[in-house]
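Only one structure is covered here, and it is reproduced in the block below.
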Amino acid sequence: MKEADVSDVEIWRPVDRFEDCYMVSSHGRVRSLDRRIPFKNGFTRIRKGVAIRLQTLRNGYEMVALWRDGVREVALVHRLVAAAFIPNPACLPEVNHRDFDRKNNRSDNLEWMTHAGNCRYSESAGRADGGRRSLLHRAAFNPKMARRLNLAQVLDIRAAYVAGETQVSIAARFGINQGYVSKVVRGECWDLSPCIKQTPKGVPA
């Protein structure tokens with residue numbers, strides 16, 4: 001009998017910081033867990049877990065909205081997969097798609113990298129820098145502040161804002177001030193025009 005390819009076996013693990021609510025799979029899928037919903041009258045009911053619909057950003061990355069205690073957060077799917085399945089002892093900041101397909105979020109297609117390593121990977125494959133290098137250095141108003149965040153974090157911030165998370169919540173999550181978040185979503189600290197064709201609905205122009 002032919003043995004199954006290990007990469008074809010889908011494995012589920014808890015989502016970091018949402019361990020009691022969601023799981024992410026080695027194939028890049030996200031699902032909610034069964035949970036008990038309490039009512040004021042003392043009764044409870046079980047809400048069955050379901051597969052979570054992923055949304056695709058204009059730059060090609062997939063994101064998902066996660067809820068807990070009435071608060072919504074959004075996250076990039078490839079980063080959820082990497083955090084759950086790929087060790088990162090060196091605390092590298094970026095996740096690279098080996099095949100350059102931003103929708104292929106299987107764990108065997110991802111790897112943690114430095115930004116410089118990510119650029120070199122693209123160049124070695126004949127893809128130049130895909131506009132990423134210039135993007136990372138085009139802080140329109142305050143270069144010192146812009147260097148505090150990498151590209152993935154900026155995309156996560158903009159996606160979170162579009163999904164309805166408040167700037168105060170985003171600022172607390174990333175350890176930056178609310179004024180800086182406002183500049184990021186308005187494009188005043190980061191010029192994302194090379195990878196976002198138009199301003200997403202809900203983000204100030």
In whole Å, how far is the Cα centre of region 158-174 from that of region 58-94?
-> 14 Å
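Report the full-extension gain for the segment Arg102 to Glu123: residue separation times 0.36 nm, less the Cα-Cα distance, to one decimal in nm.
5.9 nm
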Counting alpha carbon pairs within less than 8 Å and at least 6 residues apart, what relative contact order, in whole percent, applies to region 1-99?
-> 19 percent
Ranked by how many other beta carbons lie within 10 Å on average, peptides 39-48, 114-123 from highest = 114-123, 39-48
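No lab work stands behind these numbers, since they all come straight from the coordinates. Remember, it's a predicted structure, so these values are computed and weren't measured experimentally. Every residue, glycine among them, receives a Cβ derived from its backbone with ideal geometry; neighbour counts consider all protein chains shown.
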